[in-house]
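The values are calculated or read from the model by the stated rules, or taken from the named source; none is laboratory data. If you're wondering where the values come from, they're calculated on a predicted model, not measured in any experiment. All Cβ positions, even for glycine, are placed from backbone atoms using ideal geometry, and neighbour counts span all protein chains on display.
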Amino acid sequence: MFAKIPERRMQWVRWILTGGWLLAIASLFYDPWTSALTEPNHPWSPLRLPNTCVLVQGQCLSEQPYPLGTTLFWGAIVPAAIFILLVFGHELWRRICPLSFLSQIPRALGWQRQFKRENKKTGKIRYELAKVNADSWLGKNYPYLQFGWLFVGLCGRILFFNADRLILASWLLFTIAAAISVGYLYGGKSWCQYFCPMAPVQSIYSEPGSY
Ligand code: SF4
């Protein structure tokens, strides 16, 4: 169904989703507005905190209003991505994924690593785009790399990202920088194929098992 949607329209969807995602990351650094929605006295917000306190070891701790960036990320952005993946499949998700889109920036700008090759007979020099060699260490072991990175991400979520919005934002920016770097170093969809820690998860969700 979505395969028929023209690429130009998909490009708009990618821009909108990527812009929204970058805005959500920026809000993790600076957001003086959304905590107003969690104020206990807010007239209509469904996210307002209750006027009761939380009892911890007999002490009454009152909850403080908080910015909504992390709530939005874990409660809406990540579930929405998984929903699209499960319901509409990986093919659609790959076409609109903001991280995949950002990994294509070097290609769009014509900044891709190239190798110089000389034809020994004619002496002519030509340039070839670098790509992952299927016989290289990376070409053979990329599933371990992806799972390793996924493991680090899951442990990081429990230990750091959930508790500190700046660490979450830094991790997301680091991942974006890594995707753009891979786009420069290897071109094509190398980030999705060989590096992205979400790739094995998506395979489990969206592909039939081979055994
Ligand atoms: S493999 Fe990663 S970057 Fe590529 S579409 Fe999936 S989530 Fe996005």
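One residue alone among GLY183, GLY139 is within 13 Å of the ligand (Cβ to nearest atom) and over 22 Å from ILE77 (Cα atoms), and that residue is GLY183. For GLY20, the conditions (1) farther than 22 Å from ILE176 by Cβ; (2) surrounded by fewer than 14 Cβ atoms within 10 Å (Cβ to Cβ) all hold with the exception of (1). Checked against the criterion of being more than 16 Å from the ligand (Cβ to nearest atom) and surrounded by fewer than 17 Cβ atoms within 10 Å (Cβ to Cβ), region 191-208 contains one or more residues that satisfy it. Which one is surrounded by the most Cβ atoms within 10 Å (Cβ to Cβ), of the residues in region 56-87 that are among the aromatic types (Phe, Trp, Tyr) and outside any loop (DSSP other than H, G, I, E, B)? The selected residue is PHE73. Residue-level analysis places LYS131 outside the set of residues that are under 22 Å from TYR184 (Cα atoms), more than 16 Å from the ligand (Cβ to nearest atom) and part of a helix (DSSP H, G or I).
Of all residue pairs spaced 6 or more apart or on separate chains, those with beta-carbon atoms under 9 Å, a first member in region 86-99 that is closer than 18 Å to PRO6 by Cα and modelled with pLDDT of 85 or more and a second member that is more than 8 Å from the ligand (Cβ to nearest atom) and not in a helix (DSSP H, G or I) are PHE88/MET1; LEU92/MET1; LEU92/ILE5; ARG95/ILE5.
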